[in-house]
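*Asks:* Attaching a single structure in structure tokens format; questions to follow.
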Amino acid sequence: MGAAPRILILDDEVPLVDALARHFRRRGYDPTQTYLVADAVQAIEKSVRDALPFDAVITDLQLPDGDGRTIVRLAREMLPRCPVVMMTGSHSISGTVDAIRLGAVTVLEKPVAAETLEKELRQAMASRADLDKGVDAAGEAGIIGGSPAIRAVLDVLFLAAPTDATVLIQGESGTGKELVAKALHRLSRRARGPLVAVNCAALPETLAESELFGHAKGAFTGADKARPGRFREADGGTLFLDEIGEMPLALQAKLLRVIQEGEVQPLGVDKPQSVDVRLVAATNRTLGELAAEGKFRSDLYYRLNVVPLELPPLRDRREDLAALAGHFLRGTGRKFSAEAMASLELYQWPGNVREMENLVARLKVLKPEGDFQLVDLPQAIRGAQPLPAIPQKASSSATTGVDLYAALGELEDRLIREALERSGGNRNQAAQSLGLNRTTLVEKLRKMSRR
């Protein structure tokens, strides 16, 4: 049988601390009781010196000699794997937000039943144990690399994941915002609940409210059956609002109310319905600037920006290119030559990781066997690197020459046309069969139409 989990309890209400200590002792925990911030600091420092670190901390927000955020900060520095649950008798939104930003897994409003506190603590400790496998889980979600830039992302991700804090993911197109949202959900206490993704840019303005918040049967023309809406579909899980910067201002006001109240009111329904949802939002735009320009509600921006997570462009993490190439080529036994890899590392990657993934998919189609050499890369990626000289044989091609890239362009056009024919003109299916994103295929079709 393992040692009893060690927990630190900090609150200036002596009867409350004593009652909680008795409760947790009966449940098999080893509680340490403190009543001042200074006492708790000493207890944490001693636990580290004695190599008997606390497994969890419970703290009040406001104390006579300081506040609980000091303990959250200290636990993050000295006990990085120790979850902190905060209690508060005040209604300070800023204090709550600060505590979550600093790393508290949740903030509970007093009075809190001992059973509720124990449940939160048990879930938090289980979540932190799961984070031992965090890097592997992030890799499984597709977040690949060990560069300082991506490590900084993972540090924030691992701190934010076990909490219910709203996360705002910002980064250029193709940097992997959806992958990060999936990893946040997978590593959260809501992992067994649903992850519902909504592309805000694709919401039809006339139906956006119904899509998000639901409607009753007959609520409007064409509403032949009730629909729960994305918020209620995500109840108990995570709602991922992608491209949040494209949401119309009128809908932003309604979203803000849902976040504040924790309830939605479907169209045609008299009473609001409560929802328990963790929000993750993403954008490739700078929401702070949009808010300053009046194009995005500043109050909604502050609600979403509890934990900001900035994804670096691929050009700022070139040391991850080899790992990404290996990831996209896994199971094939193939690789890029040293010359080809050097060229990849010089390229600017305006389309980021998605562009690299699509490049590898295209190369696998155009060259079904063997490793990829410098000559196999598109001219834009080869850049100014000279190609090795190719000895020419005496033949008609030696005098007339062959435009390799024109030939490859024709092959690409033919493959695209064949994919569209097989799919009966369905661009989504055609893009899938070619290993491309739909938007990439649409752009290629646009270029084909100009040729």
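*Asks:* So A104 passes all but one of these: (1) surrounded by 20 or more Cβ atoms within 10 Å (Cβ to Cβ); (2) under 26 Å from E345 (Cα atoms); (3) modelled with pLDDT of 70 or more; (4) of a type in the set (A, V, I, L, M, F, W, C). Which condition number does it fail?
*Replies:* A104 satisfies every listed condition except (2).
*Asks:* Now, a different point. Taking only pairs six or more apart or across chains, which ones have beta-carbon atoms under 6 Å, a first residue in segment 236-255 that is open to solvent by 30 Å² or more (accessible area, probe 1.4 Å), and a second residue that is at pLDDT 95 or above?
*Replies:* Within 6 Å, the pairs are D242/A282.
*Asks:* Hey, another quick one. Restricting to segment 1-34, count the residues that are charged (D, E, K, R) and open to solvent by 70 Å² or more (accessible area, probe 1.4 Å).
*Replies:* 5
*Asks:* Filter segment 35-69 for residues that are closer than 22 Å to P111 by Cα and among the polar types (S, T, N, Q); which is surrounded by the most Cβ atoms within 10 Å (Cβ to Cβ)?
*Replies:* T59
*Asks:* Looking for something aromatic (F, W, Y), touching a strand residue (DSSP E or B) at 6+ places or on another chain (Cβ under 9 Å) and in a helix (DSSP H, G or I) - is there at least one such residue anywhere in segment 32-45?
*Replies:* No, segment 32-45 contains no residue that is aromatic (F, W, Y), touching a strand residue (DSSP E or B) at 6+ places or on another chain (Cβ under 9 Å) and in a helix (DSSP H, G or I).
*Asks:* Could you look through segment 419-451, keep only residues that are modelled with pLDDT under 75 and charged (D, E, K, R), and pick out the one that is farthest from the chain's Cα centre (by Cα)?
*Replies:* R451
*Asks:* Residues in segment 256-270 that are surrounded by 17 or more Cβ atoms within 10 Å (Cβ to Cβ) and either part of a loop (DSSP other than H, G, I, E, B) or among the polar types (S, T, N, Q) (or both): how many?
*Replies:* Number satisfying all stated conditions: 2.
*Asks:* Report whether or not A253 is over 17 Å from L203 (Cβ atoms), part of a helix (DSSP H, G or I) and over 22 Å from the mean Cα position of the chain (by Cα).
*Replies:* no
*Asks:* Does segment 374-393 include one or more residues that are in a helix (DSSP H, G or I), acidic (D, E) and modelled with pLDDT of 75 or more?
*Replies:* Yes, segment 374-393 contains a residue that is in a helix (DSSP H, G or I), acidic (D, E) and modelled with pLDDT of 75 or more.
*Asks:* Go through (1) surrounded by 20 or more Cβ atoms within 10 Å (Cβ to Cβ); (2) at pLDDT below 85; (3) not β-branched (V, I, T) one by one and return the number of the condition P80 breaks.
*Replies:* Tallying (1) surrounded by 20 or more Cβ atoms within 10 Å (Cβ to Cβ); (2) at pLDDT below 85; (3) not β-branched (V, I, T), P80 fails exactly one: (1).
The values are calculated or read from the model by the stated rules, or taken from the named source; none is laboratory data. The shown structure was predicted, so the numbers you read here are calculated from the model rather than taken from an experiment. Glycine also receives a Cβ, built like all others from the backbone with ideal geometry; neighbour counts cover every protein chain displayed. Ligands, DNA and RNA are excluded from the accessible area calculation, which covers all protein heavy atoms including side chains. Shrake-Rupley method; radii C 1.70, N 1.55, O 1.52, S 1.80 Å.
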